[in-house]
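Please read the structure below before turning to the comments.
The values are calculated or read from the model by the stated rules, or taken from the named source; none is laboratory data. Keep in mind the model is a prediction, meaning the values are calculated, not measured. Cβ atoms come from the backbone with ideal geometry, glycine included; neighbour counts cover every protein chain shown.
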Amino acid sequence: MKTAHTFLIVFGLLMAAGSVSAQISILAGLGFSFGTTAEAVGIHIRGDVDLDDSPYGGSLNFISYFSPATGPDNVDGVKAVYRETNLNGHYFFISEEDLSVYGLAGLNISTAGAKLTINLPFTPNIKETETQVGLNLGGGARFPVADNILVVGEVKYILSKFDQLVISAAGVYRF
């Protein structure tokens with residue numbers, strides 16, 4: 001929950017900065033991601049900032065993967081937990097009206113674990129998680145589909161103890 005609050009604070013600051021300065025573009029949206037280590041599809045919230053008249057930009061996104069109905073080895077009551085927060089810098093190789101292509105590099109914070117629910121009186125639930133910091137490397141593309149609405153496709157590899165390939169697709173609105 002703390003990560004979601006951090007995301008909202010940073011996104012609010014970016015929105016305020018966008019209203020003060022006409023030299024940045026703010027984009028925000030929702031999408032889906034698939035992670036090879038999480039072995040699941042997740043939903044992500046993203047906020048992007050582009051520096052106008054510059055090939056540089058960045059993004060902040062939070063991904064929460066949907067856990068399987070049961071955990072490892074099909075043990076009833078075990079729910080897998082996998083979340084990540086990403087702060088990436090973008091370099092746009094192509095920045096045209098109908099297509100933008102960028103490379104990305106950035107910081108990843110992943111949390112993985114399991115939650116065991118025991119349905120017995122006076123028995124506490126057990127939650128075990130581990131958090132790792134890693135490096136993101138990848139790229140993406142944006143395609144406009146309407147005024148101020150874009151589709152984003154992104155592929156990145158996370159280098160950390162939780163190495164994984166993440167493929168994402170999102171819809172974003174340009175403010």
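Reported count of residues in the stretch 30-59, each being part of a loop (DSSP other than H, G, I, E, B) and surrounded by fewer than 21 Cβ atoms within 10 Å (Cβ to Cβ), is 7. Scanning the stretch 32-83 for residues that are more than 23 Å from PHE162 (Cα to Cα), modelled with pLDDT under 95 and either of a type in the set (D, E, K, R) or in contact with a Pro (Cβ under 9 Å, 6 or more places away or on another chain) (or both) yields ASP50, ASP52, ASP53, ASP76.
If you take the residues of the stretch 160-175 that are of a type outside the set (S, T, N, Q) and modelled with pLDDT of 95 or more, which of them is nearest to GLY29 (Cα to Cα)? Looking at the filtered set, the residue picked out is VAL172.
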